[in-house]
1. Ordered by packing density, taken as the mean number of other Cβ atoms within 10 Å over each peptide's residues, highest first, how do 65-74, 90-99, 287-296, 184-193 rank?
2. Per-residue counts of other Cβ atoms within 10 Å, averaged by peptide: what ranking do you get for 273-279, 55-61, highest first?
3. Calculate, in nm to one decimal, what ILE46 and ALA216 gain on full extension: separation in residues at 0.36 nm each, minus their alpha carbon distance.
4. Going by a ≥ b ≥ c, the root eigenvalues of the Cα gyration tensor, does region 17-166 fall in the rounded group (a/c under 1.5), the prolate group (a/b larger than b/c) or the oblate group?
5. Checking the table LYS23/LYS232; LYS156/LYS249; LYS23/LYS249; LYS48/LYS79 against a 29 Å threshold on Cα-Cα, which pairs fail?
6. Please list, in order, the residues from region 258-285 whose amide nitrogen is less than 19 Å from a point placed 7 Å along the Cα→Cβ vector of GLU184.
7. Could you work out the Rg to Rh ratio of region 232-286, with Rh taken as the Kirkwood radius (inverse of the mean 1/r over all Cα pairs)?
8. For PHE213, enumerate residues with amide H under 5 Å from its amide H, sequence gap 5+ or separate chain, H modeled in the peptide plane.
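The values are calculated or read from the model by the stated rules, or taken from the named source; none is laboratory data. Because the structure is a prediction, the values reported are computed rather than measured. Ideal geometry is used to build each Cβ from the backbone, glycine not excepted, and the neighbour counts take in all protein chains shown. Just so you know, the surface numbers come from the protein's heavy atoms only, side chains and all, with ligands and any DNA or RNA stripped out. Shrake-Rupley method; radii C 1.70, N 1.55, O 1.52, S 1.80 Å.
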Amino acid sequence: MVPTSLALGTFVCLVGIFRAHQKWNEIDHKTQRFYEQGLQLFSNQILKDGSRAGSKQISDFTKAFVDAVYAKLLVVDDKDANGNIVKRERRRFANASMTACRRAWFVGQRAQETVVPAINPFSRMGLKSRAPGQPVRETPTATWDELVAFRAAAKKLGYCSIGTAALLTWEWLQREEHVFGAFEISHYRPDERPNSVKIVHPKNGEEAWWPLFDEAGEPLFPELMEELDTVKEKMISGLIFRRDHKHRKSRTPLPWITERKDLRYLRSVVKKIVIAAGIRTELSFTSFRHGGFTEGADSDLTDAELRAAARHRSTRQLPAYAKRTRKQLISGSKKRREERTKSALAPSPTAPFRAS
């Protein structure tokens, strides 16, 4: 478990224990990368005696020592346009470093109880996401017009699956990792429930069934359903959204998400589509989900209807909540569609995408 090249009992040794543990392999690629950066940032911090924090014995670590190193990591010297040294805060990276160190300590303590002390000095540090008085950083919210333009550009570039996924995240308020990493063919209109779709939330393990038709049998999401029906006709199983563009390297369309839960390639393609669509370059795939929420609020959805759409409920509450949720989902979906088509100047939905 402990690499022999590492000095036993040091913080660098603790990092080695963490990276050699099974828990490390269970972490997705993106989080692993953040942990690597955070652990390295702490380990390389130069102390007053000239040594690095990573070379210190963890048995000597105290909460005061960790707080002092965090204070050093929080502020870094930088140069302005005139070459003058200025102080710059890097709270996000400093917080990420403490989070990675805390996780490494917990895993290391369970793996090597005789080496890693039971008290974790990185716990309960009261980390703040932003400095006092600093404005909240918000994700840019897309408009319906921008969604239409994005989908048109995606279709033109051959990325039909991303265009459909953008409409799905707008309508069903699903996170990026849910859309591309959890939505399977078997979830959409299965034989046992042909009028519903199952939404899976990997974050909390909750599953929810969305109605696709109202009480009169009218489809609630006609454009999206037509596109998903087309995909279902050509696929038997697996994730719905795959790399369907003609210029892909693999003959078989692979999922956009990798086995390590990595979506970096997808995000680069989304940026490419955003630029081709001529919409705001700060928009991301998440912006369309936020746009769906905003549309819901503008359509006078109640808090209960919005919570029902986002499924912000625990699994234990789901059985008693499901009946009431179905009514709220139908009501909320109809309100949003009415608001979308209220103005005569509003652009009509783009034509359904057809996979090449």
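1. With the highest mean Cβ count within 10 Å placed first, the list reads 287-296, 90-99, 65-74, 184-193.
2. Per-residue Cβ counts within 10 Å, averaged per peptide and sorted highest first, yield 273-279, 55-61.
3. Taking ILE46 through ALA216 to full extension adds about 54.3 nm, to one decimal.
4. oblate
5. On the way: LYS23/LYS232 36 Å; LYS156/LYS249 19 Å; LYS23/LYS249 33 Å; LYS48/LYS79 23 Å.
Among LYS23/LYS232; LYS156/LYS249; LYS23/LYS249; LYS48/LYS79, the Cα-Cα distance tops 29 Å for LYS23/LYS232; LYS23/LYS249.
6. Only 258-262 fall inside the zone, counting backbone N under 19 Å.
7. Across region 232-286, the Cα-based Rg/Rh ratio is 1.01.
8. LEU220
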